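Following: one structure in structure tokens, then a few remarks.
Each value in this text was obtained by applying a stated rule to the coordinates, not by laboratory testing. Since the model is a prediction, treat every value here as computed from it, not as a measurement. Heads up, the Cβs are rebuilt from the backbone with ideal geometry, glycines too, and the neighbour counts pull from every protein chain shown.
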Amino acid sequence: MPTPAAPDDFDLLVIGAGSGGLAAAKRAASYGAKVAIVEGDRVGGTCVIRGCVPKKLLVYGAAYRQWLADAPSHGWFPLQAEGLRCDPPRLFAAVRAEVDRLHDLHLGFLKKAGVELVPGWGRFVDEHTLAVTDSRGEGRRLRGERILIAVGGRPVRPPLAGADLGWISDDLFELRELPQRVVVVGGGFIACEFAGILHGLGVEVIQIVRGERILRGFDAEAAAHVQEAMVAGGIDVRTSTVPGAIERDGEGLILRTATGATIGCGGVLLATGRRPFLEGLHLEAAGVQVVDRRIPVDPDQATNVSHIFAVGDVTDRINLTPVAIDEGRAFADSTYGNLPRRVNHDLVASAVFSQPELATVGLSEEEALRRHGSEGVRVHRARFRPMTQALAKRGPAVLLKLVVEVASDRVLGCHMVGDHAAEIIQMAAIAVGMGATKADFDRTMALHPTVSEEFVTMAN
């Protein structure tokens, strides 16, 4: 048996060219570190290739259905009797082309940063060495003074008979045609976002949710507002419904519930969760600890092996792209830039690009009540029809909500459901993070006429 070639030496090896890995690799290289990044798929990770970016483009595409429906109320009419029609294959092809463009951009960014891209799947040989195998089966050994694990997560199929017949979220971006009816299984943000996308593109959508409501973990009032609007808009949301099996039915599928009810459809989207992508890493060869299918880390992103670190979804803490990016940069700043810092995971804004959109920062009403008690929390809210819908005279209303601590008047949470909620909450997050009080909000001059002005004009 031939002796393996001596490994190439690097200051830092990064496994995974997603958001966190790319951020760490480029920042470390900017401080003079010799860096290689290992990736067996396209560069960009979940967010760029099969997550945030293509999904948001599909959200925009689906939204045109309602905008076009509202056009006559604003004086716009089609010049021809047949008007416009939706062509989902063209939209999906355009989104895939944009993803390809972004992939190429990231390749250029790595080259410009001086980071070596090593194509292939990496696995640990020992605590300092990786073996990388590319698509042709050819191998290479790399040695790193430090190693950063940034492999992200993957969608998981539930333990359901016939689950292999259903799609996961990754599959939707590769569709060439859409069926007339789709069953979406799940009540989380991915399920709700794709339910809205498919519905907006003309698909009949039935959403199956195990629990009593969608978006568990978000402010209950805000989540209920989204659910009411989805139902009013034509999505059939069936709560307290447990899927039992997926079966073939000629050219289509049947979803059978745990009670024996059947739903015929052309496709089933299984959007029931994600987990860290640990398969094939051989973490045991490096002695890296795994707990509940995730890699635990300390505040400096270090694993139980002092020179091996992990960032992003593989740690399964707050699985959001900006968090992974900041974790990667904080690691590089601290380790190679002599600028020690830690990521604050206590205040992270988040959004659901459902239709309508939900965005939030800080504590939900429920969490605030658990921490401070019913006498220690005051809630301010506004619910109204926005001007964008005044002429069309349609719903849903927007919801704006502030959760305030009585003792200090500090705003603990800021929530919104409605168009551009994420854009508005991003700026509100600055105020909440700085400890703004309700009085601070009240003293802020309103920008009129806007939806966001309601945050600074809510009655006490």
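For this structure, a couple of remarks:
- Farthest positive-ward along the chain dipole, Cα basis, beta-carbon charges - from Phe353, Leu447, His415: Leu447
- Whole-number D in µm²/s for region 78-224 (Stokes-Einstein; Kirkwood sum over Cα pairs; 20 °C, 1.002 mPa s): 108
- Straight-line reach from Lys26: taking Cα to Cα under 14 Å and skipping same-chain neighbours fewer than 8 places apart, the aspartates and glutamates in range are Asp11, Glu116, Asp326, Glu327, Asp333.
- For the chain, Cys86, Cys192, Cys265, Cys414 have no disulfide-compatible partner, since no other Cys C-beta lies under 4.7 Å from theirs.
- Alpha-carbon gyration tensor eigenvalues x 5, square-rooted, for the chain, Å: 39, 30, 22
- In percent, rounded to a whole number, the relative contact order of region 163-272 is 35, using alpha-carbon pairs under 8 Å and six or more apart.
- Dipole of region 356-456, positive direction: furthest Cα of Gly376, Gly395, Gln426, with charges on the beta-carbon: Gly395
- Total charge dipole magnitude, region 231-319, about the Cα centre, Cβ charges on Lys, Arg, Asp, Glu only, Debye to nearest 20: 200
- The charge dipole of region 163-272, taken about its Cα centre with unit charges on the Cβ of Lys, Arg, Asp and Glu (plus for the first two, minus for the last two), comes to roughly 260 debye.
- ³J(HN,Hα), Karplus 6.51/-1.76/1.60, whole Hz, each residue of region 229-237, x for Gly, Pro: 5, 4, 5, 4, x, x, 8, 8, 9
- For region 163-272, average projected area of the Cα convex hull in nm²: 6.5
- The Cα atoms of region 285-378 define a convex hull whose projected area, averaged across directions, is 8.9 nm².
- Looking at the chain, the DSSP beta bridges with both ends there are about 60 percent antiparallel.
- Check: the chain dipole with +1 on Lys, Arg Cβ and -1 on Asp, Glu Cβ, in debye: 300
- Long-range tail of P(r) for region 356-456 (Cα pairs > 23 Å, %): 25
- Considering only Phe218, Pro299, Ala25, and ranking their Cα positions along the charge dipole of the chain that arises from unit charges at the beta-carbon of Lys, Arg, Asp and Glu, the one farthest toward the positive end is Phe218.
- Convex hull volume per residue for region 1-59, taking Cα atoms only, in Å³: 84
- For a straight C-alpha distance cut-off of 26 angstrom, the lysines reachable from Lys401 (same-chain residues fewer than eight places away being disregarded) are Lys56, Lys393, Lys438.
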